[in-house]
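Student: Handing you this structure, nothing more for now.
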Amino acid sequence: MIKTVCLSVAVFLMAAPFLYAQMEFSSGGEYCSHAKSSRHHALQTRSANSPRHMYDVLEYKLDLDLYSNFISPYPKSYIGSVTIHFRVDSLLNSIELNAGNFSLQIDSVGMAGLYFEHENDTLRIDLDNIYYPGDSLYVKIFYKHKNVIDNDFYSSEGTVFTDSEPQGARNWFPCWDQPSDKARLDLTAKVPATAKLGSNGRLADSAHVADTVWYHWISKDPVATYLIVMAGRNNYNLDIVYWPRLSNPQDTMPIRFYYNPGENPTAIKSIIGSLADFFASTYGDHPFEKDGFATLNNQFKWGGMENQTLTCLCPNCWNEMLIVHEFSHQWFGDMITCGTWADLWLNESFANFSEALWMEEKYGYAGYKDEIESNASNYLYSNPGWPIYNPSWAINPPADNILFNYAITYAKSACVLHLFRYVAGDSLFFECVRQYAQDAVNFRYQSVVTQDFITKMNEVTDEDYSWFFNQWLMYPNHPVYANTYNFTELPDQRWDVWFRASQVQSDEQFFAMPLELKIGFSDGSDTLVKVFHSVNNQEFMFAFAKEPVSLIFDPDNQIVLKQATTIVGTGETPSYSKGLEYTLHPNPFEQSAHLTVTLPDEGRLTVALLDRNGKLVTVLMDENKSAGMHNLVIDKDGMASGIYFLRMISGTAAATGKLVIQ
């Protein structure tokens with residue numbers, strides 16, 4: 001007898017064993033996204049051959065006089081110079097740099113620079129010779145920052161800071177302002193003795209003469225221009241926590257806390273060592289010689305900015321999850337930087353995902369899963385309908401509110417990492433992440449594009465996961481499942497479970513994924529089966545020696561990026577067969593129909609008639625048959641007119657067909 005249990009599940013999808021078929025924000029990422037998307041930076045196009053370029057910047061040496069910026073009336077203007085050391089990659093007799101005309105006035109050039117033109121936010125410098133690939137040279141630029149508001153250099157009420165992501169560094173010093181070209185930094189800034197000023201790298205020295213201090217910061221590790229920072233204030237508080245590295249506890253790394261009067265970062269200072277231990281054990285040792293955090297004033301209203309070795313925060317924003325998010329960027333975003341703005345998801349996915357991992361460290365897997373499902377819910381509620389990776393953004397970056405869209409760049413991207421963890425398995429996934437972070441040849445202290453990341457994942461897993469990343473990164477939206485199933489009782493205490501996986505999203509993209517099904521039985525037990533959904537409307541058959549009573553699709557909600565319903569099948573299904581073929585005529589019929597079933601091998605043939613709700617009407621045949629064709633006459637015999645289903649099973653071969661009685 002065929003028994004059907006109706007089950008309707010509206011879930012979110014994924015994960016177990018393969019079988020024989022094929023404001024106030026709750027997360028740091030929300031703070032971060034809101035901050036970046038609400039700022040107003042002008043985005044510029046870049047060369048179509050990016051990230052390749054005619055020269056490679058090796059170092060920026062900045063010398064800035066910021067003394068007056070800390071004194072009323074707090075002007076935005078200052079005098080500075082930048083010496084750029086670069087290596088030639090193709091024949092050169094001039095170079096072009098990014099330099100905003102609105103905010104920068106170029107006074108003169110020197111060293112290898114002879115003449116210059118400054119227009120359309122581009123600084124062209126004629127060189128003193130023709131230089132060949134491999135040559136190394138220096139150009140010095142003397143300039144002024146005008147007394148204007150450019151939303152990249154800020155000066156007010158005794159606080160001075162920069163905020164350059166994505167393309168704002170060009171507005172406070174001339175540079176090649178692309179994330180693909182990272183360079184060392186040497187920065188000297190003149191400030192009043194009442195001020196403290198932090199920047200990238202280590203504090204080499206600070207010369208104090210009368211009422212003036214010259215802070216000298218050096219970053220020996222290359223830094224992208226958008227991650228170069230200054231953060232200074234009169235009467236800044238400064239505390240330093242020394243973290244013993246896991247790799248060598250005798251080597252302590254300073255973590256500097258700059259904070260405004262009246263703030264109290266004690267809670268964060270108390271956990272920063274544990275957080276550093278956790279990320280170091282998960283991703284590898286902290287990549288830099290120092291780290292730090294600095295709260296700013298109300299001109300930096302929201303969230304944080306993961307400047308290399310000195311994260312900037314909004315006033316009094318000592319929020320644990322914000323700190324977790326920004327701190328993890330030191331590995332993903334700063335040590336390994338997106339090669340173009342099309343690759344920004346590589347920064348923000350890992351930062352949001354790191355928040356979930358920190359919850360797992362504190363509260364177990366349930367804490368991790370809650371955080372991931374929160375990301376998924378945010379995406380599903382706010383999905384704007386574009387893909388995570390858009391190759392055109394490498395050349396023409398979109399507006400900040402698109403580039404830093406929380407639902408896509410942060411939330412969905414983090415969920416894709418979770419999906420990869422599910423597909424690859426925990427051990428292999430974390431090995432992939434660690435090898436990615438520790439690859440000193442291709443990634444560590446360098447920039448990376450999306451295809452490089454995919455190639456690395458394939459290399460570590462020794463499998464080709466291009467299908468996975470292509471569908472989740474290159475296409476918008478997510479799968480919408482409309483699954484069906486049926487249970488059939490067969491002779492000799494055998495039961496058949498039939499399941500069809502269908503995607504019904506409006507676009508044409510199909511998402512191949514492993515699927516988990518939890519099948520419950522009348523004795524109170526259950527089993528988890530895992531299949532790979534490789535084509536749409538794919539059918540799977542399972543045989544059991546006990547009665548199934550329930551089926552739950554993706555019971556642990558592993559495929560979090562989805563919508564799904566799972567119900568008893570009541571419509572015509574495509575046949576699932578392994579050599580089993582049949583013909584039925586006439587159909588529809590009034591009195592009788594002729595069924596011919598062809599068996600590939602000798603075995604038991606069961607033919608059952610079900611009503612449109614999947615309930616058994618009668619078993620038409622249940623006996624051993626030889627290989628070949630077998631005929632059966634189906635009589636109406638008082639059955640009501642309507643739609644019925646024929647279920648034909650022989651071993652692992654099966655077929656389902658619709659029968660209409662007039």
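The values are calculated or read from the model by the stated rules, or taken from the named source; none is laboratory data. Note that the structure is predicted; figures quoted are calculated from it, not measured. Every residue, glycine among them, receives a Cβ derived from its backbone with ideal geometry; neighbour counts consider all protein chains shown.
Student: Could you give me the residue pairs with C-beta distances under 7 Å whose first residue belongs to segment 366-395 and is assigned by TED's automatic domain parsing to the domain that holds L417, whose second residue is surrounded by 23 or more Cβ atoms within 10 Å (Cβ to Cβ) and acidic (D, E) wherever it lies, and which are 6+ apart or on separate chains?
Tutor: Partner pairs satisfying both residue conditions: E371/E355.
Student: Hey, another quick one. Is there any pair with a first residue in segment 590-609 that is of a type in the set (S, T, Y) and a second that is surrounded by fewer than 16 Cβ atoms within 10 Å (Cβ to Cβ) and assigned to a loop (DSSP other than H, G, I, E, B) whose Cβ atoms are under 8 Å apart and which are 6 or more apart or on different chains, and what are they?
Tutor: These pairs meet every condition: S592/K636; T606/P491.
Student: Go through (1) touching a strand residue (DSSP E or B) at 6+ places or on another chain (Cβ under 7 Å); (2) within 18 Å of P254 (Cβ to Cβ) for I336 and report which single condition fails.
Tutor: (2)
Student: Same structure again: Determine whether N93 is surrounded by fewer than 20 Cβ atoms within 10 Å (Cβ to Cβ), farther than 30 Å from A193 by Cβ and touching a Leu at 6+ places or on another chain (Cβ under 6 Å).
Tutor: Spelling it out, N93 is indeed surrounded by fewer than 20 Cβ atoms within 10 Å (Cβ to Cβ), farther than 30 Å from A193 by Cβ and touching a Leu at 6+ places or on another chain (Cβ under 6 Å).
Student: Is it the case, given these coordinates, that N587 is part of a loop (DSSP other than H, G, I, E, B) and farther than 20 Å from G569 by Cα?
Tutor: In short, yes.
Student: Hand me the list of strands (runs of 3 or more DSSP E) wholly inside segment 160-213 holding 2 or more residues that are of a type in the set (D, E, K, R) and closer than 25 Å to D239 by Cβ.
Tutor: 202-209
Student: Among A342, A356, A276, which is in the same structural domain as A411 (by TED's automatic domain parsing), surrounded by 20 or more Cβ atoms within 10 Å (Cβ to Cβ) and among the small types (G, A, S)?
Tutor: Exactly one residue qualifies, and that residue is A356.
Student: Tell me yes or no: at least one residue of segment 498-512 is more than 17 Å from V535 (Cα to Cα) and of a type in the set (V, I, T).
Tutor: Within segment 498-512 (the criterion being more than 17 Å from V535 (Cα to Cα) and of a type in the set (V, I, T)), the answer is no, since none of the residues qualifies.
Student: From the list I388, I372, exactly one residue is part of a loop (DSSP other than H, G, I, E, B), among the β-branched types (V, I, T) and out of contact with any Gly (no Cβ under 9 Å at 6 or more places or on another chain). Which is it?
Tutor: Result: I388 is the single residue among I388, I372 that is part of a loop (DSSP other than H, G, I, E, B), among the β-branched types (V, I, T) and out of contact with any Gly (no Cβ under 9 Å at 6 or more places or on another chain).
Student: Could you check segment 396-417 and list, in sequence order, the residues that are part of a helix (DSSP H, G or I) and not β-branched (V, I, T)?
Tutor: If the condition is that a residue be part of a helix (DSSP H, G or I) and not β-branched (V, I, T), then D400, N401, L403, Y406, A407, Y410, A411, K412, S413, A414, C415, L417 are the ones that fit.
Student: Hey, another quick one. Residues that are in a loop (DSSP other than H, G, I, E, B), under 37 Å from the mean Cα position of the chain (by Cα) and modelled with pLDDT under 95: does segment 75-96 have at least one?
Tutor: yes
Student: Give just the number: which of (1) in the same structural domain as P384 (by TED's automatic domain parsing); (2) polar (S, T, N, Q); (3) surrounded by 16 or more Cβ atoms within 10 Å (Cβ to Cβ) does N483 not satisfy?
Tutor: Against the list (1) in the same structural domain as P384 (by TED's automatic domain parsing); (2) polar (S, T, N, Q); (3) surrounded by 16 or more Cβ atoms within 10 Å (Cβ to Cβ), N483 comes up short only on (1).
Student: Given the criteria out of contact with any strand residue (DSSP E or B) (no Cβ under 7 Å at 6 or more places or on another chain), modelled with pLDDT under 95, over 27 Å from D63 (Cβ atoms) and of a type in the set (S, T, Y), does S247 qualify?
Tutor: yes
Student: Return the total of residues in segment 271-302 being closer than 20 Å to Y236 by Cβ and in contact with a strand residue (DSSP E or B) (Cβ under 8 Å, 6 or more places away or on another chain).
Tutor: Qualifying residue count, segment 271-302: 11.
Student: Oh, and also: Tell me the residue from I141, I130, I125 that is in the same structural domain as H85 (by TED's automatic domain parsing), hydrophobic (A, V, I, L, M, F, W, C) and surrounded by fewer than 19 Cβ atoms within 10 Å (Cβ to Cβ), please.
Tutor: Exactly one of I141, I130, I125 is in the same structural domain as H85 (by TED's automatic domain parsing), hydrophobic (A, V, I, L, M, F, W, C) and surrounded by fewer than 19 Cβ atoms within 10 Å (Cβ to Cβ), namely I130.
Student: Shifting gears a bit: From the list S72, S103, exactly one residue is small (G, A, S), modelled with pLDDT of 95 or more and either surrounded by fewer than 15 Cβ atoms within 10 Å (Cβ to Cβ) or within 26 Å of D452 (Cβ to Cβ) (or both). Which is it?
Tutor: It is S72.
Student: Output the number of residues of segment 164-181 satisfying the condition of being buried (at least 24 other Cβ atoms within 10 Å of the Cβ) and out of contact with any helix residue (DSSP H, G or I) (no Cβ under 8 Å at 6 or more places or on another chain).
Tutor: 4
Student: Same structure again: Can you find a residue in segment 412-432 that is surrounded by fewer than 19 Cβ atoms within 10 Å (Cβ to Cβ), within 15 Å of the chain's Cα centre (by Cα) and acidic (D, E)?
Tutor: Checking segment 412-432: not a single residue is surrounded by fewer than 19 Cβ atoms within 10 Å (Cβ to Cβ), within 15 Å of the chain's Cα centre (by Cα) and acidic (D, E).
Student: Right, something else. Exactly one condition in (1) under 26 Å from V449 (Cα atoms); (2) under 16 Å from the mean Cα position of the chain (by Cα) is false for E373; which is it?
Tutor: That leaves (1) as the condition not met.
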